[in-house]
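Taking it in order: structure first as structure tokens, then the write-up.
The values are calculated or read from the model by the stated rules, or taken from the named source; none is laboratory data. Just so you know, these numbers come straight off a predicted model, no measurement behind them. Please note: Cβ atoms are built from the backbone with ideal geometry, for glycine as well, and neighbour counts cover all protein chains shown. What goes into the accessible areas is simple: the full protein's heavy atoms, side chains included, and nothing from ligands, DNA or RNA. Shrake-Rupley method; radii C 1.70, N 1.55, O 1.52, S 1.80 Å.
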Amino acid sequence: MKKYQLFLCLLGLNVSIASAQDKHIDKRVDSLLRLMSLKEKIGQLNQYSGRELTGPVSNRKDELLKDIKAGMVGSMLNVKGVKDTRAIQAVALQSRLKIPLLFSLDVVHGYKTVFPVPLAEAASWNMDAIRQSAHIAAKEAAASGIHWTFAPMVDIARDPRWGRVMEGAGEDPYLGSAIARARILGFQGEKLGGTDALMACVKHFAAYGAAFAGRDYNPVDMSEQMLHEVYLPPFKAAADAGVATFMNSFNTLNGIPATASTYLQRDILKKDWNYKGFVVSDWGSVREMIPWGFAQNLADASEFAITAGSDMDMESGAYIGELENLVKSGKVKPALIDDAVKRILYKKFELGLFDDPYKFSDFKREELVMKDPEHARIARAVATQSIVLLKNEKNLLPLNAGIKKIALIGPLVKAKADLASTWTVYADTANMTNVYDGLQQKLGNKVELSYAKGCELNDTVSTGFNLAVKTAEAADVVLMVLGEAGDMTGEAKSRANIDLPGRQEALFNAVKATGKKVIVVLMAGRPLVFNAIAEKADAIVYAFWLGAEAGNALADVLSGAENPSGKLPLTFPRSLGQIPLFYNHANTGRPVTKPGDIRYKSAYIDAPNSPLYAFGYGLSYTSFEYSALNIAQEVIKKGESLKLSFKSGGDQKRGKSEAEF
Ligand code: GLC
């Protein structure tokens, strides 16, 4: 038999085994469903947060345990560790039908080993690295009793005022789709059920990143074309990659809360895309239909949500409180409940939880997996590839052997917890390597490091400037580490200004005035506006938030041990007023074709149209790397609306767009 015939027959065999397994699970789901009361079915649609279960005793703790024991809870979030997951699973198995709980957690960029924030990893443009990062996060979390992570977040974001831009993959649907797939394969492995894998949950469905004015939880309004061309592709890529679950979003889409959107959840997801997994609401989003003014009460909200295809209710207490009456009153058809329950039970069978409810809660494996030294090594490699070199006048970087004294100045030089930023559920911040320690370990025996903080992150005074200036004057070169606080991005962290907080830019100007060469490392979960630094710094490195190995990764790149390869996953505006600013925007009937010629053209009379740094921009020590931009140019060439050309290689001058957007 020829090779390809063998391949086809194996493929066919594989497919038929899979469908046989599916049919087998379907049978087990159906036979269990027949045994369940309406109350028990609704219990499976109910998800509670278990923070109290592992925290100090509270009256909620008793209520939670009572509901779990009565089979009124299908899943818990925010319970972690073998000890607690085993204890709570044991309570669930005292229920009449002994249906095991799903334990879920926001394992977004690492569990114990903290990886770079997703936006930083997106700057690596390296799908293997991103997949490895997710796989290690899954291995560690699954060894701690977790079955399900609320990740990847794939919301396209074109507005850096929005704090959650840090959790995604930037502005481009193509890159966002590729990364969605890489993360899902990393979290879930080839097939669900392994104890080194988690169910993934693609979120937030949909268009959450387009909130008006970059303000979190705000309405979203857009055309069908924009929704389908820009915001849905990463979700479709996730569905095609076999993501186990979806999470709907807090926003309204054209007036309808996503949790109540039949168009999104049934028409597009479950019908057009033939999606078989289940949808969980975001935290309390069923109940939030009331303040949206969309539902008069919790009963209406519950009816809208279950009818629209939102299968599981996270922390509203709506389904468990209202659905039984809605079914009995005829407002909600029992078939809707059955469909949601079957989708959830299917995943519990697929994970193997009915065969062994404790299979993910193994003390030995938990201890072993957390100690694996390979995880830190990979975290360092991923962080290194997530660093973007934006400017490098006269090849100041990599630091050359002639340099004997480096002044480290800035509020983030010794920062540790900030390096983890937000959405780290288990961050062992004591073990983070900051910039000072990383450089000390890498260069300490060859170079003297001096240090001055200069100012606090969000300072109003400049009392530390004098010492910083003196420290700079006494060194051969200055390395400043500036930026936001790690908790200035993430959920509910929108900023009306995206410049450097406090007095940091003034500190830079004071240090630069010494005449010394100044390298600036910027850390943030979003693009910042930093024009003075962009003009006057001799070298600029954008590090976003690099996680546990930040200091080592930066030392690798700054010393030249590693060649920077990161490219921006989203556009950096020169000013707030340009937002939203993104590379793949539509043409205009009056493009600026010659720099400066803006009469009756689409331009600002008081600011340039072009970005400070473009999507896909990133330097290396050897040559320009514009692969991302080449994609952009290919895409744009059709429209002839944007010609970006950059001075290449050699002097590594920062590129200037020769035409405005
Ligand atoms: C939050 C977030 C969501 C997260 C969920 C559980 O409000 O919007 O991304 O997964 O609640 O923590």
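If you go through the stretch 424-457 and keep only what is within 23 Å of PRO501 (Cβ to Cβ) and modelled with pLDDT under 95, you end up with THR424, ALA427, THR429, MET432.
Taken across the stretch 97-106, residues that are on the phi > 0 side of the Ramachandran plot and surrounded by fewer than 24 Cβ atoms within 10 Å (Cβ to Cβ) do occur, with at least one present. Would you check if there is a residue in the stretch 427-434 being buried (at least 17 other Cβ atoms within 10 Å of the Cβ) and under 25 Å from THR85 (Cβ atoms)? Yes, that holds for at least one residue. Selection of helices (runs of 4 or more DSSP H) fully inside the stretch 318-426 by the criterion of at least 1 residues being closer than 19 Å to GLU562 by Cβ returns 373-385. Residue check: ALA555 meets all listed conditions (1) open to solvent by less than 10 Å² (accessible area, probe 1.4 Å); (2) at pLDDT below 95 but one, namely (2).
Among the residues of the stretch 278-293, those that are within 16 Å of the ligand (Cβ to nearest atom) and not β-branched (Val, Ile, Thr) comprise PHE278, SER281, ASP282, TRP283, GLY284, SER285, ARG287, GLU288, MET289, PRO291, TRP292. The C-beta contact set for the stretch 226-254 (first residue within 14 Å of the ligand (Cβ to nearest atom) and among the small types (Gly, Ala, Ser), second residue modelled with pLDDT of 95 or more and in a helix (DSSP H, G or I), distance under 6 angstrom, 6+ apart or interchain) comprises SER249/TYR208; SER249/ALA258.
Looking only at residues in the stretch 59-81 that are small (Gly, Ala, Ser) and touching a Ser or Thr at 6+ places or on another chain (Cβ under 9 Å), the one that is most open to solvent (accessible area, probe 1.4 Å) is ALA70. What do you reckon, is PHE304 aromatic (Phe, Trp, Tyr), out of contact with any Phe, Trp or Tyr (no Cβ under 6 Å at 6 or more places or on another chain), at pLDDT 95 or above and surrounded by fewer than 19 Cβ atoms within 10 Å (Cβ to Cβ)? For PHE304, the condition - aromatic (Phe, Trp, Tyr), out of contact with any Phe, Trp or Tyr (no Cβ under 6 Å at 6 or more places or on another chain), at pLDDT 95 or above and surrounded by fewer than 19 Cβ atoms within 10 Å (Cβ to Cβ) - is not met.
For the stretch 259-274, does any single residue satisfy the condition of being within 16 Å of the ligand (Cβ to nearest atom), closer than 22 Å to THR489 by Cβ and touching a residue at least 24 places away in the same chain (Cβ under 8 Å)? Checked against the condition, which is being within 16 Å of the ligand (Cβ to nearest atom), closer than 22 Å to THR489 by Cβ and touching a residue at least 24 places away in the same chain (Cβ under 8 Å), the stretch 259-274 yields no hits at all.
Residues that are assigned to a helix (DSSP H, G or I) and under 21 Å from VAL511 (Cβ atoms) within the stretch 439-476 comprise LEU439, GLN440, LEU443, PHE465, ASN466, LEU467, ALA468, VAL469, LYS470, THR471, ALA472, GLU473, listed in sequence order. When the residues of the stretch 207-242 are filtered to those that are under 22 Å from LEU581 (Cβ atoms) and among the small types (Gly, Ala, Ser), the one that is farthest from the chain's Cα centre (by Cα) is SER223. Test LEU175 against the stated conditions and say whether it is more than 14 Å from the ligand (Cβ to nearest atom) and open to solvent by less than 10 Å² (accessible area, probe 1.4 Å). Criteria met by LEU175. All conditions in (1) in contact with an Asp or Glu (Cβ under 6 Å, 6 or more places away or on another chain); (2) within 16 Å of the ligand (Cβ to nearest atom) hold for ALA383, with the sole exception of (2).
Just one residue in the set VAL107, VAL91, VAL117 is of a type outside the set (D, E, K, R) and within 30 Å of SER31 (Cα to Cα); that residue is VAL91. Checking each residue in the stretch 153-167 for being within 14 Å of the ligand (Cβ to nearest atom) and either within 16 Å of PHE250 (Cα to Cα) or open to solvent by 10 Å² or more (accessible area, probe 1.4 Å) (or both) picks out MET153, VAL154, ASP155, ALA157, TRP162, GLY163, ARG164, VAL165, GLU167. LEU185 meets the conditions (1) in contact with a Lys or Arg (Cβ under 7 Å, 6 or more places away or on another chain); (2) open to solvent by less than 10 Å² (accessible area, probe 1.4 Å); (3) under 16 Å from VAL202 (Cβ atoms) in every case but one. The failed one is (2).
Scanning the stretch 527-551 for residues that are open to solvent by less than 10 Å² (accessible area, probe 1.4 Å) and on the phi < 0 side of the Ramachandran plot yields a count of 15.
Can you find, within the stretch 235-291, the residue that is farthest from VAL154 (Cα to Cα) among those that are of a type in the set (Phe, Trp, Tyr) and either open to solvent by 10 Å² or more (accessible area, probe 1.4 Å) or part of a helix (DSSP H, G or I) (or both)? The extreme case among them is TYR263.
Just one of the listed residues (GLU448, GLU484) is in contact (Cβ under 8 Å) with a residue 40 or more places away in the chain, buried (at least 16 other Cβ atoms within 10 Å of the Cβ) and either of a type outside the set (Ser, Thr, Tyr) or within 16 Å of the ligand (Cβ to nearest atom) (or both), namely GLU484. Of all positions in the stretch 333-344, at least one carries a residue that is open to solvent by less than 40 Å² (accessible area, probe 1.4 Å) and among the basic types (Lys, Arg).
If you go through the stretch 489-505 and keep only what is crowded, with 23+ Cβ neighbours inside 10 Å and either without any contact (Cβ under 8 Å) to a residue 12 or more places away in the chain or assigned to a helix (DSSP H, G or I) (or both), you end up with just GLN504.
Cβ-Cβ under 6 Å, sequence separation 6+ or interchain: first residue in the stretch 196-212 and touching a residue at least 40 places away in the same chain (Cβ under 8 Å) and closer than 23 Å to LYS276 by Cβ, partner among the aliphatic types (A, V, I, L, M) and within 13 Å of the ligand (Cβ to nearest atom). Which pairs? Matching pairs, first to second residue: CYS201/MET247; VAL202/VAL154; LYS203/MET153; LYS203/MET247; HIS204/MET247. Restricting the stretch 120-137 to residues that are of a type in the set (Gly, Ala, Ser) and away from the ligand (no atom under 16 Å from the Cβ) leaves a set whose member that is nearest to ASP30 (Cα to Cα) is SER133.
For PRO608, the conditions (1) closer than 21 Å to LYS536 by Cα; (2) open to solvent by less than 20 Å² (accessible area, probe 1.4 Å) are fulfilled apart from (2). Within the stretch 141-152, being in contact with a helix residue (DSSP H, G or I) (Cβ under 9 Å, 6 or more places away or on another chain), hydrophobic (A, V, I, L, M, F, W, C) and either open to solvent by 10 Å² or more (accessible area, probe 1.4 Å) or within 11 Å of the ligand (Cβ to nearest atom) (or both) holds for TRP148, ALA151.
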